Each structure stands twice: as structure tokens, then as C-alpha cells.
Amino acid sequence: MTEILNAHILIVDDSSANTELLHTLLSDAGYRHLTCCNDPREVYPLHYDNVYDLILLDLHMPEMSGFEVMEKLKMIASDSYLPVIVLTAQPDHKIQALQAGAKDFISKPFDLVEVKLRIHNMLEVRLLHKQIKGFNKVLEATVAERTQELRDSELRYRCLTELATDWFWEQDAGGAFTRLSGPVLEMLGLSAERSVGWNENERSVLQEKIAAREPIVDFEFSKTEADGAVRRFLVSGEPIFDRQCSFVGYRGVGLQRVVKATHDGSH
């Protein structure tokens, strides 16, 4: 109730008697922030500066009608919500006013009980609308903040991975590389013939672990180059599952441990 009584209300009517009547009625009802205006041309700048929670707007005024005032107000209604109750003595103008953007109407001559009820109900809706808009802004800001945190976290993870390892990779369920960081194919010799020079016993153990969907921790395997140099690799990885617990691949990191030449053919 306090929020409603603290609402900022603009009363617009070319008749000073009408604005004074409404001002007295609302002031006696406990409303604290009331402004009266008898010149419709002043409504736009007043609302631009103060952003009223409610505007009580007479439709039939000289110089500028209430319909024209509403058209101008739409230019600054950034949230597409026009907080206007029209004041009219002509029943046939009520539908037209609602179609023009007014949220409700009050008939002239005023029924004081009706006036208070319609204003109170209108302000309840208006304040709820503002609260929802505020919640949406907070939600958008929170989502944007969390998204940026995730991006920053991913960037830090990538940087640390690159510093701590020679490569980072991801594979799909079929074993094809879907993401690579570093010259993985060249280092492992996978850009050419896959089987040349590999220690097949080690490769078999590794493939068994992958087939069993087991985590791989510091698994060492080796490859002998044509010149006799032996490359040793240390790899760790984990299986990846989707939300339905279906296997979708592996991801992991690797290090090249040692490069040495053997002249006697031993590994």
C-alpha cells in the first residue's frame, strides 16, 4: 500500500476545477506525489522529466486533445506501456481511447468512489509491471555476468592447458578428432600412416581402455621414427557422456616425454 501511495501522478485537465477536485480527492486518500497541469502541451515535457506512474488525462482540451497527447507520449514510452487513464464525458470515446493506448477510463461527472478504485487498481498493475521489468533487467544482467564468467573460465582453462601440456584434444564416439590444441596430428604422426612405428602392445592397451570407456591417467606409449628416434608420450583423458548418459567421445591432454635415437634398434 505504501508503494501505491508514493506513486507519482499527473492530473491533466484544462478545467482548474476538475484538477483541484481530483487533487483534493487523491490527497485525502493519502497519495503524496501529485502534480496538476491545465495545459496539454506541457504533458510531454513533464512526463519526459518525471516519468509518472500514472497520468489522468482529459480527452477534450483546447490547443491539443488527449488523443494527440497520447500519441506524443508514445515517443517516450520505451517499455511500450502508457500509464494513462482518460477522463471523458462521452461514452463513444472510451473504446477509441483504449485503442489509442489508454489503460482505463473514468467517466465525467466523477463518481468519487469509482475514481479512487480505478486509480488504485491501475497503480497496482503499473507497479507490478515495473517490478517485472526490474526483475527482467536483473535476470539479463545476471545471465550476462555468468556467461562472461564462463567465457573467462574457459579462456583461463585453455591457457593453463597450453602451458601445462603439449596438446589438448577432444574426440567423438568414433575416435575422430573434433577439437585440437597444438600440433597433435604432426606430433603423433597421425597425418600420415597411423600404424607406422607405434608400439602395438601399448596401442592395444590404450584402445582397450577407450573401448571400456575408462578414464586414462598418465598412460605412456611410444613411436619409433624411421631414423631410430623414439618418441614417448604421456596422455590422460576421460570419457564424455551427454545428458542421456550416452557416450559421445573422449577429451584429454598429452605431453611428449622423451626424444632419443637408438642405434641398436632397441626401444
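Read the figures in this text as sums done on the coordinates, not as results from a lab. What you see is a predicted model; the values in this text were computed from it and never measured. Neighbour counts are summed over all protein chains in view; Cβ atoms, including those assigned to glycine, are modelled from backbone coordinates with ideal geometry.
Miscellaneous remarks
- Less than 5 angstrom separates the built amide H of Leu54 from those of His8, Leu10, all sequence-distant by 5 or more or on a different chain.
- Taking a ≥ b ≥ c as the square roots of the Cα gyration tensor eigenvalues, region 59-125 comes out oblate, since a/c reaches at least 1.5 and a/b does not exceed b/c.
- Modelled spin-label separation between Asp227 and Leu98, with each label point placed 7 Å from Cα along the Cα-to-Cβ direction: 8.8 nm.
- Computed from the Cβ-Cβ distance with R0 of 45 Å, the FRET efficiency linking Leu127 to Asp242 stands at 0.50.
- Potential lengthening between Thr2 and Glu114 on full extension [0.36 nm per residue; Cα-Cα distance subtracted]: 38.3 nm
- In loop segments of region 212-242 as defined by DSSP, the trypsin sites (Lys or Arg not before Pro) with at most 16 further C-beta atoms inside 10 Å of their C-beta are Arg213.
- For Lys108, the lysines whose Cα comes closer than 23 Å to its Cα, not counting residues fewer than 8 places off in the same chain, are Lys94, Lys116.
- Remark: spin-label model distance Thr35-Glu220 equals 8.0 nm, labels positioned 7 Å along the Cα→Cβ axis.
- Neighbour counting of Cβ atoms within 10 Å sorts the residues Val12, Val115, fewest neighbours leading, into Val115, Val12.
- Qualifying lysines (Cα of each under 20 Å from Cα of Lys209; at least 8 residues distant if same chain): Lys223
- A DSSP coil position with no more than 13 other Cβ atoms inside 10 Å describes the following GluC sites (Glu not before Pro) in region 1-75: Glu63.
- Distance between region 70-136 and region 1-39 - C-alpha centres, whole angstrom: 14
- Cα-based shape type of region 1-106, given that a ≥ b ≥ c are square roots of the gyration tensor eigenvalues and the cut on a/c is 1.5: rounded
- When each of the peptides 140-150, 236-246, 88-98, 48-58 is scored by how many other beta carbons lie within 10 Å of its residues on average, the order from highest to lowest is 48-58, 88-98, 236-246, 140-150.
- Taking 0.36 nm per residue of separation and subtracting the Cα-Cα distance, full extension of the segment from Ala211 to Leu139 would add 21.6 nm.
- For the pair Glu42 and Met75, the difference between a 0.36 nm per residue extended length and the Cα-Cα distance amounts to 10.4 nm.
- Peptides 22-34, 127-139 ranked from most to least packed, by the mean per-residue count of other Cβ atoms within 10 Å: 22-34, 127-139.
- For Trp167, residues with placed amide H under 5 Å, excluding near neighbours: Gly254
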